[in-house]
Amino acid sequence: TTVTATYHLTGTIDRSDTCSGSPAATPPSGSWTTGSFAKANDTDWYRFSLTSTTRVRIGLGDLSTGGRLDLYSGCSTLLQTSDRAGNGAEEIIRSLSAGTYAIKVSGSGDAATPSHLVMIRKMPASVHVYSSRARIEGSTLRLVGELYNNTSKAVGSVKVTARLYNAANV
């Protein structure tokens with residue numbers, strides 16, 4: 001006897017195009033979730049909740065085309081955006097108070113191909129974070145960055161000393 005089975009995908013990895021239509025808010029799992037931009041100029045919404053003030057890391061990666069990441073308080077108040085050029089990952093690291101939050105990821109793709117991964121992770125207080133971006137404006141190199149000092153509660157100016165070298169290391 002020959003038995004033939006045909007399988008059909010019953011779920012979808014393309015999230016709702018609206019915040020209110022997305023699954024209910026849950027605590028951050030710290031795991032990657034596969035998503036798909038099912039059409040041109042698609043948006044997918046993910047909601048999460050926090051029970052206390054927590055620093056979170058929100059990542060959008062594995063992009064086959066460029067993407068944009070927006071963080072909202074509730075579904076309506078935009079808090080922060082990450083929208084770098086190209087197919088590089090998008091990331092937001094931010095301290096958030098207890099409450100419900102949403103992220104909106106935007107991009108273009110094809111429904112048959114998973115086109116992004118999303119991760120929302122609580123960060124332990126012992127993790128030190130440093131990030132920076134550099135850009136050249138004419139003949140000026142501009143470095144912009146953030147430094148989180150988890151060893152004290154002091155907040156204030158930081159003195160940065162930079163030494164720049166040319167191609168000959170001089």
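The values are calculated or read from the model by the stated rules, or taken from the named source; none is laboratory data. This structure is a prediction, so every number in the text was calculated from the model and none was measured. Counting neighbours? That spans all protein chains shown, and the Cβs are built from the backbone with ideal geometry, glycine included. Ligands, DNA and RNA are stripped out before the accessible areas are found, and what is left, the full protein with its side chains, is counted by its heavy atoms. Shrake-Rupley method; radii C 1.70, N 1.55, O 1.52, S 1.80 Å.
Structural remarks
- Elements of the type strands (runs of 3 or more DSSP E) sitting completely within the range 54-110 and holding at least 1 residues that are free of Cβ contacts under 8 Å to residues at least 40 places away in the same chain and among the polar types (S, T, N, Q): these cover 67-73, 77-82.
- Ser36 over 14 Å from the mean Cα position of the chain (by Cα), surrounded by 15 or more Cβ atoms within 10 Å (Cβ to Cβ) and at pLDDT below 80: no
- From the options Leu117, Leu71, Leu143, Leu164, residue that is at pLDDT below 65 and either farther than 21 Å from Phe48 by Cβ or open to solvent by less than 70 Å² (accessible area, probe 1.4 Å) (or both): Leu143
- Residues in the range 80-107 that are under 13 Å from the mean Cα position of the chain (by Cα), of a type in the set (A, V, I, L, M) and surrounded by fewer than 18 Cβ atoms within 10 Å (Cβ to Cβ): Ala89 only.
- Exactly one residue among Ser31, Ser16 is of a type outside the set (Val, Ile, Thr), under 16 Å from the mean Cα position of the chain (by Cα) and either modelled with pLDDT of 90 or more or open to solvent by 20 Å² or more (accessible area, probe 1.4 Å) (or both), and that residue is Ser31.
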